[in-house]
Amino acid sequence: MRRRVALLVGVVLGCSACSHGGPPTPLPARWDAIHTEGSTIELRADGTGTFTEVPVGAGEGPCSNDDTVPYTGEVTWVTHDERFTVDADGAPLTLWADTSFMSLDWTKIMVDVCGTEEHGATVLAYGREL
């Protein structure tokens, strides 16, 4: 009986921790833009981070890479389905790991400047050294 109770407690605690949206990769971490000089993303384990010259959707009209403004400042993040949803002063962005051999590769992240992964033309790549 004790073994079942311990297992049940472990499952409940494990699910409870998952619902709080812990990061899908160890933090703090910093990624540099692959094709945009001087653009960086830094995320910290406390749900905050810093963007430097990261293009974000301007929020007017249809979103495209041409309709962005560089954002430098503090951000907050939460996780959802092994992705980061980032709020950059009211502009939403989605960050997710690149895939390598059917597994997540957090050395390279993809960033959708429009906030969702549905806009394939608005995705930028960032990389980091481990």
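Being in contact (Cβ under 8 Å) with a residue 40 or more places away in the chain and of a type in the set (Gly, Ala, Ser) narrows it down to one residue among Ala45, Ala97, Ala58; which is it?
Ala97
Of the numbered conditions (1) surrounded by 17 or more Cβ atoms within 10 Å (Cβ to Cβ); (2) under 13 Å from the mean Cα position of the chain (by Cα), Pro26 fails exactly one; give the number of that condition.
Every listed condition holds for Pro26 apart from (1).
Exactly one of (1) under 16 Å from Thr94 (Cα atoms); (2) open to solvent by 40 Å² or more (accessible area, probe 1.4 Å) is unmet by Val75. Its number?
Answer for Val75: the failing condition is (2).
For the stretch 1-86, which strands (runs of 3 or more DSSP E) that fit wholly inside it have 2 or more residues that are closer than 17 Å to Gly127 by Cβ and at pLDDT 85 or above?
Working: elements: 29-33, 40-43, 48-57, 68-80.
Qualifying strands (runs of 3 or more DSSP E): 29-33, 40-43, 48-57.
If you go through the stretch 87-118 one residue at a time, how many are assigned to a loop (DSSP other than H, G, I, E, B) and open to solvent by less than 40 Å² (accessible area, probe 1.4 Å)?
The total comes to 3.
The values are calculated or read from the model by the stated rules, or taken from the named source; none is laboratory data. Just so it is clear, the model here is predicted, and its values are computed rather than measured. In this analysis, Cβ positions are derived from the backbone assuming ideal geometry, glycine residues included, and neighbour counts consider all displayed protein chains. All accessible areas refer to the heavy atoms of the entire protein, side chains included, with ligands and DNA or RNA removed. Shrake-Rupley method; radii C 1.70, N 1.55, O 1.52, S 1.80 Å.
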